[in-house]
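One structure is given below, encoded as structure tokens.
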Amino acid sequence: MAGGAKSFQVKLSGDWKDYQGDEDKILKRAYLAGFPNAKYSLRGNNYMVSFKEMRQTNTGSGKSREIRPPYKWKAPTVPIVAAGRTFTVKVPPGGPGNIIHVPHPDQKNYKGQMVAVNVPGSARVGQAMLVPVPQGAAAPISIVEPSAAEAAHVAAMPEGEAKKKAKAGWSTGAKVAAGTVVVGGVAVGGAVLGLSDDGLDATMEELGDIAAGAKEAVVDGAATAGEGITDAAEPAGEWASDAAADASDFIMELF
């Protein structure tokens, strides 16, 4: 790959060209999630991407193009979250190991509603984190998913007693966020986007968009429930990177 491209590229008239801006971000996020396929909408167009075939298709026009990832990038061998709709947030100060609240990415249908995200303790401030989009009406938190990886594992389990027991274990941290009203009444587990291959250690800060508001509570996790609630340390604007005018453009369906 000549020049060691840092962006996703598309083949146009026989030449490789860099994707720019939002579309490059979306493709990087989807690729780093570890799924073979992704769907997303941008600028009024709908797209489907196959990372197995390395092709992007405009589902409206049917036009398909060959694509390739940035130089030396490799996708995870297994998905880092459960299949379904996802969005991306940037880990704010005080976020690692805690529950943060961020605006729902689809404010057209969920105006004023918040999503609770259980941030991995291993996350670093400023990293981009992939978050499943919860469903359901706003309600007090009754379930706290311990991690995106475990949520994906349980989601793949066949229906039965083992799956029921695994899901029941998610409720152990619910007392921490009692009374907090969020979409679906669940604190979903986030997963950090990053690379650690061939000497690369990219934290992917530029891939984050939505951040926790400065006055939105960061609720301690189950292990530190007695320590109460703290606020994000810095203004949200300093942690939202190139947010789109319509954040719903950054919702990806991964499968």
Q | Label-point separation in nm, Met54 to Arg68, each point 7 Å along Cα→Cβ | A | 0.5 nm
Q) Mind checking the dipole of the range 5-154: about its Cα centre, +1 per Lys or Arg Cβ, -1 per Asp or Glu Cβ, Debye to the nearest 20? A) 420 debye
Q. Hey, fewest Cβ within 10 Å first, where do Ser61, Ser13, Ser142 land in order?
A. Ser13, Ser61, Ser142
Q: Determine the alpha carbon to alpha carbon distance for each of Lys25/Lys72; Lys17/Lys52; Lys17/Lys72; Lys52/Lys167; Lys39/Lys108; Lys74/Lys164 and list only those over 27 Å.
A: Lys52/Lys167; Lys74/Lys164
Q. So who's got an amide H within less than 5 Å of the one on Trp16, skipping anything under 5 residues away but keeping other chains? H placed 1.01 Å off N, in plane.
A. none
Q: Report the full-extension gain for the segment Ala166 to Asn46: residue separation times 0.36 nm, less the Cα-Cα distance, to one decimal in nm.
A: 39.6 nm
Q: Tabulate in residue order the Karplus-calculated ³J(HN,Hα) for the range 96-110, using 6.51 cos²θ - 1.76 cosθ + 1.60 with θ = phi - 60°, rounded to whole Hz; enter x for Gly and Pro.
A: x, x, 10, 9, 10, 10, 10, x, 4, x, 9, 6, 5, 9, 10
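No lab work stands behind these numbers, since they all come straight from the coordinates. Just so it is clear, the structure is predicted and the values come from calculations on it, not from any experiment. Because the Cβ atoms are built from the backbone with ideal geometry, glycine has one as well, and the counts that use them run over all protein chains shown.
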